[in-house]
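Bear in mind these aren't lab numbers, they're just calculated from the coordinates by the rules spelled out. All figures in this text were calculated on a predicted structure; none of them were measured in a lab. Counting neighbours? That spans all protein chains shown, and the Cβs are built from the backbone with ideal geometry, glycine included.
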Amino acid sequence: MIETVFSAALPVGERLIVKKNRIEGCGGRGPRIAVVTGIHGDGLEGQFVAFELAQRLREHIGDLRGIVDIYPALNPLGISASEHGVPLFDLDLDRTFPGNSKGNMNEALAAAIVADIKGANACIDIHAPDAHLREVSQVRVEEAYAKTLMPFAQLLNTQLVWMHGSSNQQRSTLAHTLNSLRTRTLVVEMGESLRITEDAGSWLTEGILRLVERLDGWTSSSVALPMPRLVRDGDVTPVSAEVPGIFLPQLGLGAMVRRGQVVGVIADPLAAEAKAEVLAPADGTIISLRAQPLVYPGTLLVRVLGGV
Amino acid sequence: MRRLTLYRLEVPYREPLRVEAFEFGERQGLPTCSIVGSMRGDEVQQAYACARIVERLERSEERGAIRKGVRMLVIPCANPLSMNVASRFWPADGTDINRRFPGDAYGETTERVAAGIFGAVRGSSYGIQLASFNQQGDFIPHVRVTRAGAVSEESLSMAEDFRLPCVVSREATPFDTGTLNYSWQEWGTHAFSVYSRTTDRIDRPSATLVGNAVMRFLATRGMVSGRVGGGSDGVRLDETELVDVRTEGSSGYLDGLVKPGDCVEKGQELGLVLDAFDAHVRERLVAPVAGRVFFCRVKALVQQRMVAYRIIPL
């Protein structure tokens, strides 16, 4: 059943409406799971998962106990405009939580989202990476909540589970807000902005079903991948551009590298010269790779996960 | 007056970003006072007001009015790259330099820019930023002190030396931790955010008012000699005391009836929300309290549940 989570009138003959697809199982009482995505308008990876998951659940509705709420577009204006934030406001919706029901439209929207999800047995918040990167699938777990989240994170069929330190800015995200309200929320990052990576999405769909199963909400089949690798901040070495230009990678995402190996070059098409070689900083695997060729000094190009 | 390049960043297919500053008084030591104009690409009023301050300090220096031992740095526009393409944030990745302080010389692009700026203004005794809000509207000119450090309370009493119509205090939020104001305070600087009336268009009267306020502050704190008259005993209040007036049940065109600084009575109409198709009045926005108008939304279109006015209650 399609339900409205939040609605507000836009200036000219239209309403901003955030909807969810509530799928209630026929298998009896069970957990409530929330699957949210589209908080950034350019993160479309979750669209595939929302579609696939709803299809699977409908086909086997008798095997579902409890409720799965799927929120495919928390930021509908951003998605419709392919913008990261909320158009008109220069605002990152994922920096406005917990919101304020008496505040401006976007703050009220954030508060309505939290009120709707709060109390779920688990929430999965699906993102594509920021900063024009391409990334292997991963669950991001804030260290402060690792104890409660890790058992769930390992079920989601991602390649990595990255346990990271806390920062002040994270305090205004949906995931932090829900975790602080004791609604276990897992952030999944994968693929690339404005793209869909179907295989990672399919595996994540299976992983979400595994999680529902773990919570006694799913009695049909689900497919498990090998356990993801647990990663901490110190295991990953980033490489940034030091000169401006056009980044031409010579290796792909997931490639194994040796320290000092050339990962790509930064080219100057005007002068027709390679201005810099980008070298692997350690032995390991490329887990993030710049997808947008234009780079400035400081642009993140590659992350190498050591020791693989 | 000396013109310095504080930071330079090579960028693709454009001239390098240069963060330029004007130095007044002494050439050595930490700045006594640093003044930053625009940091975002739409802060035209802030850059303009700051350029006018440069002009006034230049004249002050020519007549020997800058006190011995004082060193001042003024950065009218810290981000010409964004201003030249009318992008509020960094065009390539949408990041906000004023959320990247204290910066990192080896970090992401805007962290590097922030580090380049902060390296020059760190440790100033006083820091003044001509700031803007993300709320789209006009403000009564005022000075803000964000409580973020050991020096905040002392800064709050000093803020009255600007003699602006309003001195607003507020508690720091997690969002503030990346701002220049916050980093200044962590380094013991008395930090002030001075708000002019507008952001993306020049309003000469309020730019002059802000320029006068900054010159008054510099004179009162003993950095320049001479008298700068005018100003007023500002209302001192905490941000939480402001009373918001929202569009509750409607959206459309906002037909504003008041402007910042106006005195209003309880029940007075502040603006009308008109239907976008037939111009019928859909909502009358009235003052819930008597007071002065602090903020007016100026965008022609307004959504439901938007703060259209903020009132300083009597």
Original post:
Could you give me the ³J(HN,Hα) list for the stretch A:17-28, computed from phi with Karplus coefficients 6.51, -1.76, 1.60 and θ = phi - 60°, whole Hz, x at Gly and Pro?
Top reply: 10, 9, 10, 10, 9, 8, 10, 9, x, 9, x, x
Original post:
Using +1 on the beta carbon of Lys and Arg, -1 on that of Asp and Glu, and nothing else charged, what's the dipole of the stretch A:2-227 about the Cα centre, debye to 20?
Top reply: 800
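Using Cα pairs under 8 angstrom and six or more residues apart, how large is the relative contact order of the stretch A:161-241, in percent? Mind dumping the intermediate values first?
On the way: 44 pairs, mean separation 30.9, N = 81.
Once divided by the residue count of the stretch A:161-241, the mean separation gives 38 percent.
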Original post:
Are there GluC sites (Glu not before Pro) in the stretch B:200-258 that DSSP puts in a loop and that have at most 11 other Cβ atoms within 10 Å, and which ones?
Top reply: B:E248
Subject >> Most mobile of B:V11, B:V74, B:V281 in a GNM of chain B (Cα contacts under 10 Å) >> reply: B:V11
Original post:
When the distances between all Cα atoms of the protein assembly as shown are binned every 10 Å from zero, what whole-number percent does each bin get?
Top reply: 3, 15, 23, 23, 20, 12, 4, 1, 0
Original post:
What is the mean number of Cβ atoms from other protein chains located within 10 Å of the Cβ atom of each residue in peptide A:14-25, rounded to a whole number?
Top reply: 1
Subject >> Efficiency of FRET between A:D216 and B:T173 - r from beta-carbon atoms, R0 51 angstrom, step 0.05 >> reply: 0.80
**OP:** Loop only per DSSP, at most 13 neighbouring Cβ atoms within 10 Å: give me the trypsin sites (Lys or Arg not before Pro) in the stretch B:9-116, ordered by residue number.
**Re:** B:R14, B:R27, B:R63, B:K68
Subject >> Filtered trypsin sites (Lys or Arg not before Pro), the stretch A:101-141: DSSP coil and at most 12 other beta carbons within 10 Å >> reply: A:K102
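Taking square-rooted eigenvalues a ≥ b ≥ c of the alpha carbon gyration tensor, is the stretch B:2-236 rounded, prolate or oblate, where a/c under 1.5 means rounded and, failing that, a/b exceeding b/c means prolate? Kindly include the intermediate steps, with their values, before the conclusion.
Working: a/c = 1.40, a/b = 1.26, b/c = 1.11.
In terms of gyration-tensor shape, rounded.
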**OP:** Considering the options B:L270, B:F175, B:S125, tell which one lies farthest towards the positive end of the dipole of the protein assembly as shown, charges being +1 on Lys and Arg and -1 on Asp and Glu at the Cβ, about the Cα centre.
**Re:** B:S125
**OP:** May I ask you to compute the full-extension gain from A:S80 to A:E242, defined as 0.36 nm times their residue separation minus their alpha-carbon distance, rounded to one decimal in nm?
**Re:** 54.8 nm
Original post:
Any idea what the alpha-carbon Rg over 2.2 N^0.38 Å comes to for chain A?
Top reply: 1.04
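Could you work out the Rg to Rh ratio of the stretch A:1-44, with Rh taken as the Kirkwood radius (inverse of the mean 1/r over all Cα pairs)?
Values: Rg = 14.4 Å, Rh = 13.1 Å.
When Rh is taken as the Kirkwood radius, the ratio is 1.10.
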**OP:** Work out from phi, with θ = phi - 60° and the Karplus expression 6.51 cos²θ - 1.76 cosθ + 1.60, the ³J(HN,Hα) of each residue of the stretch B:129-134, listed in order in whole Hz, and give x for Gly and Pro.
**Re:** 10, 8, 9, 9, 9, 7
Original post:
Farthest toward the dipole's positive end in the stretch B:2-236, which of B:G64, B:S38, B:I97, given Cβ charges of +1 (Lys, Arg) and -1 (Asp, Glu) about the Cα centre?
Top reply: B:G64
**OP:** Rounded to the nearest Å, what's the spacing between the alpha carbon centres of the stretch A:132-197 and the stretch B:152-171? Just the number, please.
**Re:** 41
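With the contact rule set at Cα under 8 Å and sequence spacing of 6 or more, what percent relative contact order holds for chain A? Walk me through the intermediate numbers first.
Numbers: 772 pairs, mean separation 51.0, N = 308.
With pairs under 8 Å counted, the relative contact order is 17 percent.
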**OP:** Report, in order of residue number, the helices in chain B meeting two criteria: a C-alpha extent of 20 Å or more along the helix axis, and a mean Kyte-Doolittle hydropathy of at least -1.0; treat each whole DSSP H run as one helix.
**Re:** B:44-62, B:204-220
**OP:** For the stretch B:228-266 and the stretch A:8-76, write down the distance between their C-alpha centroids in whole Å.
**Re:** 41
Subject >> chain B - charge dipole about Cα centre, Lys and Arg +1 at Cβ, Asp and Glu -1, debye rounded to 20 >> reply: 900
Original post:
What are the radius of gyration and Dmax of the stretch A:83-233, computed over its Cα atoms and given in Å?
Top reply: 15.7, 46
Original post:
So, with +1 on the Cβ of K and R and -1 on the Cβ of D and E, and no other charges, what is the size of the charge dipole of the protein assembly as shown about its Cα centre, to the nearest 20 debye?
Top reply: 1260
Original post:
How high is the relative contact order of the stretch B:182-231, in percent, counting Cα pairs under 8 Å that sit 6 or more residues apart?
Top reply: 21
